[in-house]
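The values are calculated or read from the model by the stated rules, or taken from the named source; none is laboratory data. Please read all numbers here as calculations on a predicted model, not as lab measurements. Reconstructed Cβ throughout: ideal geometry from the backbone, glycine too, with neighbour counts over all protein chains shown.
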Amino acid sequence: MAPTTAAGSTARTAAATAPTPFAATTYAAARSRAHGPTAALWHAVELHRPAAEVDGACELSLCGSLARVAVDEPWPPTTSDVCGACTTLAR
Ligand SMILES: [Zn+2]
């Protein structure tokens, strides 16, 4: 009987943009396997997980090849055998 006109308290929770530890795109160096005439190269892999989780894992590099992540190696690597496509894409 009581008119319960509960004025909807607009509890509009603002979409909290939780700060992620990887706000900026982080790249890790990953070593591909030599196949055919192509020598093993260092590729760039975009890190979406903590480096400890991807260490030694095979990830898809920026240029589309599979490479094993080596978090010990900084990106860009200091060596000369670096994938040119990944170097361009990881900028
Ligand atoms: Zn590459």
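Structural remarks
- Summed over region 54-77, the residues that are under 11 Å from Ala29 (Cβ atoms), aliphatic (A, V, I, L, M) and either within 11 Å of the ligand (Cβ to nearest atom) or surrounded by fewer than 13 Cβ atoms within 10 Å (Cβ to Cβ) (or both) give a count of 1.
- Considering region 40-53, and only residues there that are assigned to a loop (DSSP other than H, G, I, E, B) and farther than 14 Å from Thr25 by Cβ, the residue that is modelled with the highest pLDDT turns out to be Leu41.
- Filtered residues of region 78-91 (kept if in a loop (DSSP other than H, G, I, E, B) and surrounded by 15 or more Cβ atoms within 10 Å (Cβ to Cβ)): Cys83, Ala90
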